[in-house]
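Everything on this sheet refers to the single structure shown next.
No lab work stands behind these numbers, since they all come straight from the coordinates. What you see is a predicted model, and the numbers here were worked out from it, not measured in a lab. Note that we place each Cβ from the backbone using ideal geometry, even for glycine, and neighbour counts take in every protein chain shown.
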Amino acid sequence: MTRVSPREAPRAFRGADGASVIERTNVEVPEAASGTPVVLSLTDAELRRGERVLWSGLDLELRRGEFVAVLGPNGSGKTSLLHAVLGRLPLSAGSLLIDGRPPRRGSRLIGYIPQRRAVAPHVPLRARDLVRLGVDGHRWGPPLGGRGPRRRIDELLTEVGAHAYADVPLGLLSGGEQQRVRIAQALVTDPAILLCDEPLLSLDPHHQNAIVDLLDRRRRAHGTAVLFVTHELNPVLPLADRVLYLAGGRFRVGTPDEVMTSAVLSELYGGRVEVIRADGRYLVAGAPVPYHPDPAGGVRS
């Protein structure tokens, strides 16, 4: 049985006047968790796009094997956060470290599952080809030869349950099948961190459950930390160790029960929001849905 010990845990959020507010409460935390290596660290981080502040004063540590769900309305900076971790967007202030080092493009420590886009049926790219791009897509010239890369691709496709359609064109696969292949591609370098940008979007509940189970098995078996952007917490609620909720330039970090309350979301949105917990699910009513183009890609951020 895992021993637990009390410690004072910070709960950070932004007040209505934009000032940083820190609450501290004694919580029971597994002792083993306190010694788990930190793979991602943001300290007093800020990201602006033009005159608009997406988020500011953000402190977040992601440890090996931890699952953090990132929620918030359109334009709140969720996808932009992932792009900052990927080294594609520089912070406006503060620091961001990956395994103790500044972020950089193409880091083998990070696997990335981008927002899903439709693939035309006539596109000849097979499932196997997409995964291979994660192996040698960064280099010029013909694909690497030999049995090594092919064996690695076969192993990954088997791990995610996609080997049966390894040679099928992507455009002929279902949404759930395509997501399995994209996860295989993201795992090519055996990353310490897996960034997931709405991987359950447009999937039916059956395929959502399959993808969630796959990510859970991966993080438990390999200690992979997961930063999971989503508009809907309930499908990943059993996995979520913590929630980072972004809204209107404010944020809140904590366990699902700490963050998903009427008081917290009303503070973040600056208006009355009702949160109901029923049958192990959160129901949110009254949250405004502002429109902001996402500078990191599309309108979802």
Legend entry - GluC sites (Glu not before Pro) restricted to DSSP loop in the stretch 146-178 with at most 12 other C-beta within 10 Å: none
Legend entry - In the stretch 191-272, the chymotrypsin sites (Phe, Trp or Tyr not before Pro) that fall in loop regions by DSSP, at most 11 other Cβ within 10 Å: none
Legend entry - Shape category assigned to the stretch 68-138 from the gyration tensor of Cα positions, a/c cut at 1.5: oblate
Inset, instruction - Take the alpha carbon atoms of the stretch 157-179, find their center, do the same for the stretch 190-205, and report the distance between the two centers in whole angstrom. - result: 15 Å
Inset, instruction - Treat the count of other C-beta atoms within 10 Å as a stand-in for reagent exposure and order Thr43, Thr230, Thr79 from fewest to most. - result: Thr43, Thr230, Thr79
Inset, instruction - Give the dimensionless ratio obtained when the Cα radius of gyration of the stretch 166-241 is divided by 2.2 N^0.38 Å. - result: 1.08
Legend entry - Kirkwood-based Rg to Rh ratio, the stretch 210-263, C-alpha trace: 1.00
Legend entry - Pairwise label distance in nanometres, Asp99 with Asp257, each label 7 Å out on the Cα-Cβ vector: 3.5 nm
Inset, instruction - Let me see the pair-distance distribution of the stretch 75-219: every alpha carbon pair, 5 Å bin width, integer percents in order. - result: 2, 9, 17, 20, 20, 16, 10, 4, 1, 0
Inset, instruction - Add +1 for every Lys or Arg and -1 for every Asp or Glu among the other residues with Cβ under 13 Å from the Cβ of Tyr112, and state the total. - result: +3
Inset, instruction - Sketch the reach of a paramagnetic label on Arg108 as a point 7 Å from Cα along Cα-to-Cβ, and name the residues of the stretch 218-233 whose backbone nitrogen lies under 19 Å away. - result: 222-225
